[in-house]
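Each remark here refers to the structure printed beneath this line.
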Amino acid sequence: MDLHQVFADVPRVGEVDGCTYCYPRHELDLLGGDPALVPDDLVTSFAREVTDHWSEDQYGLLWRGLAPRILAALEAFPDEILLHGLTFAHFSEWPRAEQDAVRAELRAMIARAVDLQPVRHTHTLICAAAHADRDLTPWLDHLHTLPDPGVVRLARHWVDEVAAGYEPTLWWFPEDPAAPIRAWLGSDPPQDRLARLGDADTLIAIAEALAEH
């Protein structure tokens, strides 16, 4: 899927109403113009920035125009905060084709990473993707469609994290951020995979970690 084509017709904002203390006028002008001309560091600065630096009326259009660039930056340098602004951008109100394209690219990104990248890389992509709908569960369910090796590595990683009391970085600050991961570890699909692969040690470790919660 060509993300640039999907988002090619997003209207330009023009004069951006943003924080002039943090962003000089020429940078705001760049953000309001052709997304292809926005420097990489300004793209990531925009995505990382606290949302109260921007006009809510303009923020969604700015995010949509930069969406292919932001997603490319996420895959290259995973960081949950890059997608933290999707709610403020009213992602759920975007044209369906754009929503579907973002979700499809995130699923593909996770699939590419799960067997090829360090486990922390994949973990971060999953947590970042959860900001699309403020829900981690669909992205954990996506793992059921992916091959064993990378998914098992994630299970082993997460059981250690759960045992250590680690909480994933979710920028809507749920009361119990690790709850969906614990539920996933205890669910049938990963349990069945581990049993089929004869990984009794991880199954025991999961049971022990979950028993403490």
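The values are calculated or read from the model by the stated rules, or taken from the named source; none is laboratory data. Remember, predicted model here, so these are calculated numbers, not experimental data. FYI the Cβ positions are ideal-geometry reconstructions off the backbone, even for glycines, and counts take in every protein chain you see. Note: accessible area is taken over every heavy atom of the protein model, side chains too, but ligands, DNA and RNA are not part of it. Shrake-Rupley method; radii C 1.70, N 1.55, O 1.52, S 1.80 Å.
Those residues that are among the charged types (D, E, K, R) and free of Cβ contacts under 8 Å to residues at least 40 places away in the same chain, I need them from region 155-213; list them, please. Walk me through how you get there before you give the answer.
If we filter region 155-213 for residues that are among the charged types (D, E, K, R), which is where we start, we get 156, 160-161, 167, 175-176, 182, 188, 192-193, 196, 199, 201, 208, 212.
Those that are among the charged types (D, E, K, R) and free of Cβ contacts under 8 Å to residues at least 40 places away in the same chain: Glu161, Glu167, Glu175, Asp176, Arg182, Asp188, Asp192, Arg196, Asp201.
Is it true that Ala113 is in contact with a helix residue (DSSP H, G or I) (Cβ under 7 Å, 6 or more places away or on another chain), small (Gly, Ala, Ser) and surrounded by 19 or more Cβ atoms within 10 Å (Cβ to Cβ)? Steps first, answer last, please.
Numbers: in contact with a helix residue (DSSP H, G or I) (Cβ under 7 Å, 6 or more places away or on another chain): yes; small (Gly, Ala, Ser): yes; surrounded by 19 or more Cβ atoms within 10 Å (Cβ to Cβ): yes.
Yes; evaluated as a whole, the condition is true for this residue.
Scan region 138-170 for residues that are open to solvent by 60 Å² or more (accessible area, probe 1.4 Å) and either among the polar types (S, T, N, Q) or within 21 Å of Glu98 (Cβ to Cβ) (or both) and jot them down.
Pro138, Thr145, listed by residue number.
For region 1-103, which fully contained helices (runs of 4 or more DSSP H) count at least 2 residues that are surrounded by fewer than 18 Cβ atoms within 10 Å (Cβ to Cβ) and of a type in the set (Gly, Ala, Ser)?
56-76
Filter region 116-133 down to residues that are free of Cβ contacts under 8 Å to residues at least 12 places away in the same chain and open to solvent by less than 40 Å² (accessible area, probe 1.4 Å), then give me how many there are.
Qualifying residue count, region 116-133: 0.
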